[in-house]
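Since the structure comes first, as structure tokens, the remarks are kept for the end.
All of the numbers you see were taken from the coordinates with simple rules; none came from a lab. The structure displayed is predicted, hence computed values, not measured ones. Glycine gets a Cβ as well: all are built from the backbone with ideal geometry, and neighbour counts include every protein chain shown.
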Amino acid sequence: MPHIDVELERLREKLLEMWDLVEHQLTSGREAVMNADHELSQRIIKLERKVNSFDLKIDRMCENFFALFTPVAVDLRTVLAILKINTNLERIGDTAEGMARFACKLDRPFDPELVELTNVMVMYDEALVMFNECRTAFKSEDPKLAKQIIKRDKALNKIYRKSDVVIGKYLQNNPDRIPEGLALLSIIKKLERVGDQVTNMAEEIIFYREAKVVKHRKKKKKKE
Amino acid sequence: MNIKHSKLEAINLDAYYGDFHALKSINIAMEEKAVTAFIGPSGCGKSTFLRTFNRMNDYIDGFRIEGQILLDGRDIYTDDVRVDELRKEVGMVFQKPNPFPKTIYENVVYGLRIQGIKDKKILQETCEKSLQQAALWNEVKDKLDKSALALSGGQQQRLCIARALAIQPSVILMDEPASALDPISTAKIEDLIYELKKDYTIVIVTHNMQQAGRVSDHTAFFYMGELVEYAKTKTMFTSPKDTRTQNYITGRFG
């Protein structure tokens, strides 16, 4: 294998390791939120440091790669994509940490009725599937799968858009549960962000495999 | 690719060294006052192609072309074209600096003397202007009567560029002009190319991918006598269309 490919493979592997770690944070976060598990939440919060050190390491590896290999064409696009996916993964890690902090404040699990009404767990599961499939798309360099992932984000947005009305109504009927309702609203907002960040990552996969820029496309069309 | 004003053009160009088919049906138009880089592995035909623009291949036994090379829309291979006149219009700089064993001054004004110009004022003015254009004046202005061979490699190469500029060409062909130079001299040559393209059409052959990226506006990739891809340099180095181009510029050829 040419030296440049060995280095690119090292970069990709490091990114996949980070991907696994953030996936673990997100999956555990679901459990911590569902069960108001404080101990698990603390463990998720602590993992944030590890994610940050991956972020720094991958940034440095990319910087070195640019300096030493002056990549062009697909190599250049790959490293640019890795840099951006790295940033998005780190932010998803932050989001998982943020959700764990909400879970820490819960003195009991969310009211099942509220969970049912808001569809928050459906949303969580969808975000996890998107996150996981995006990893597969990156690993197998599959832009088709990446395109499918981008479409899935609509489901998250739909739940998010309804959430304020649903939670508002619920709180009118259950005024003693205001902190719980607000916490759930914040978690839904964070999950919506996870969907956006996974979409960003999927767009980078399409960019580096097909040399096509697909981000901001919808906005452009609307303007036209 | 959209070319606003084509200075040089090849139309259905085939070139042969005896039986060897060195260039195959090349069609390309090069922008005026821009830098076009030719890249490709050794033996791909890029230097042969460069040399067709000032008919440097004419001296090689068995060399022949089919098709046309146009300079400002005029075929340069017709019988009525005088090669010495053509070379006034199309100057050339080679890989290895090749100053004559004469003084710096005599090197620069050599072309003018060949043309029969004897007026000292014209010769001196042209010498200074050319050396300034070649970013060498400040380094040599006090030793114009010294031998050109005493200059460093990088200075000798800029002297050769000054010598090419003195006869006021409109096109400058450069065949790996910096490959024998250290990084500082290379940077000076590249800066010079950047400055010169305001007034000249430059075609450069280079093996240095980064150099092609830094200095050229358009890049043409040649492989086994074919023009595989021709595009804006930015496009070529970020999203080349042809797999062969991608393999070559990313160093994965063969």
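Can you name every residue in the stretch A:50-109 that is of a type in the set (D, E, K, R) and within 14 Å of another protein chain (Cβ to nearest Cβ)?
Across the stretch A:50-109, the qualifying residues are A:D75, A:R77.
I'd like the residue in the stretch B:195-210 that is surrounded by 22 or more Cβ atoms within 10 Å (Cβ to Cβ) and not hydrophobic (A, V, I, L, M, F, W, C) and, out of all such residues, is nearest to B:F53 (Cα to Cα).
Out of the qualifying residues, it is B:T201.
Condition first: assigned to a helix (DSSP H, G or I) and touching a helix residue (DSSP H, G or I) at 6+ places or on another chain (Cβ under 7 Å). Now tell me which residues in the stretch B:197-235 satisfy that.
Across the stretch B:197-235, the qualifying residues are B:M209, B:Q211, B:A212, B:G213, B:R214, B:V215, B:T233.
Tell me the residue from B:M209, B:M224 that is on the phi < 0 side of the Ramachandran plot, among the hydrophobic types (A, V, I, L, M, F, W, C) and touching a residue at least 12 places away in the same chain (Cβ under 8 Å), please.
The unique qualifying residue is B:M209.
Could you tell me how many of the residues in the stretch B:228-246 are within 11 Å of B:I39 (Cβ to Cβ) and more than 11 Å from chain A (Cβ to nearest Cβ)?
3
For the stretch B:35-123, which fully contained helices (runs of 4 or more DSSP H) count at least 2 residues that are over 22 Å from B:A162 (Cα atoms) and within 13 Å of the chain's Cα centre (by Cα)?
B:46-52
Checking B:R214 against (1) surrounded by 21 or more Cβ atoms within 10 Å (Cβ to Cβ); (2) within 11 Å of another protein chain (Cβ to nearest Cβ); (3) within 22 Å of the chain's Cα centre (by Cα), only one condition comes out false. Which one?
Here B:R214 clears every test but (1).
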